[in-house]
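A quick write-up on the structure given underneath.
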Amino acid sequence: MRPRPGELLHFSEDPTISRFEPHVAATAQASEPYVWAVDSARCPDYWFPRDCPRAMAWATKSSTRADRERVLGPGGGDRVHAIEYGWLEAMRTVRLYAYRLPAKPFHPIGTPVPNAHVSTKPVTPLGPPEEVGDLLRLHEECGIQLRVLNNLWPFWDAVVSTTLGFSGIRLRNAKPRP
């Protein structure tokens, strides 16, 4: 599930949104109200139930071979996502929807590399939401390893000390550190 040219996507478990209004998310670091969306490169970060904690890592141009082998594994591809066992059933059963949004009112946000796109104006979807479908299959089809762990923190601590690109979402919902 990726956007077409001129589009961005917003993922939600709510299939009834007819207009996205800018708001300040409860976990936002910025105080400006935004409508949030993602481009093709960041879509895989949202192929999860909304509240599912996940740790993700991927190879970049500056990633060392040693870091790639240590975190991604031999023959493991260029990207890995990790969740905890307690979220596996939700991954199998969640009904996730993608809203296609026009890219024009959005601008990239995040440094040094943008991690999302935001609009300060309301945004109307280009059509009805599309059900994303089987999230495990989607990961497989895109060659993304999906690891299921007892606890995310050891993996996360290892990833953030590497030359790989990484992102952690909803980590506050992960089990406590061991």
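A few points about this structure:
- Inter-residue pairs, beta-carbon under 7 Å, first closer than 12 Å to VAL35 by Cα and in the range 118-130, second among the charged types (D, E, K, R), 6+ apart: THR120/GLU32; PRO122/ARG19; PRO122/GLU21; THR124/ARG19; PRO125/ARG100
- In a residue-by-residue description of the range 88-97, the property of being in contact with a strand residue (DSSP E or B) (Cβ under 8 Å, 6 or more places away or on another chain), over 20 Å from GLY168 (Cα atoms) and surrounded by 17 or more Cβ atoms within 10 Å (Cβ to Cβ) applies to at least one position.
- Of all residues in the range 77-97, those being charged (D, E, K, R) and part of a loop (DSSP other than H, G, I, E, B) number 2.
- Taken over the range 1-50, the criterion of being closer than 29 Å to LEU88 by Cα and among the aliphatic types (A, V, I, L, M) is satisfied by MET1, LEU8, LEU9, ILE17, ALA25, ALA26, ALA28, VAL35, ALA37, VAL38, ALA41.
- From the list VAL80, VAL113, the one residue that fits, being under 22 Å from VAL148 (Cα atoms) and not charged (D, E, K, R), is VAL80.
- Against the criterion of being more than 16 Å from GLN145 (Cβ to Cβ), surrounded by 14 or more Cβ atoms within 10 Å (Cβ to Cβ) and at pLDDT below 95, ARG42 qualifies.
- Test set (1) over 27 Å from GLY6 (Cα atoms); (2) out of contact with any helix residue (DSSP H, G or I) (no Cβ under 7 Å at 6 or more places or on another chain); (3) in a strand (DSSP E or B) - ARG100 fails condition number: (1)
- Residues in the range 14-67 that are outside any loop (DSSP other than H, G, I, E, B), free of Cβ contacts under 8 Å to residues at least 24 places away in the same chain, among the hydrophobic types (A, V, I, L, M, F, W, C) and farther than 21 Å from PHE155 by Cβ: ALA41 only.
- Within the range 115-178, strands (runs of 3 or more DSSP E) holding 1 or more residues that are surrounded by 17 or more Cβ atoms within 10 Å (Cβ to Cβ) and among the β-branched types (Val, Ile, Thr): 116-119, 165-169
The values are calculated or read from the model by the stated rules, or taken from the named source; none is laboratory data. Since the structure is predicted, the reported quantities are computational estimates derived from the model, not experimental observations. All Cβ positions, even for glycine, are placed from backbone atoms using ideal geometry, and neighbour counts span all protein chains on display.
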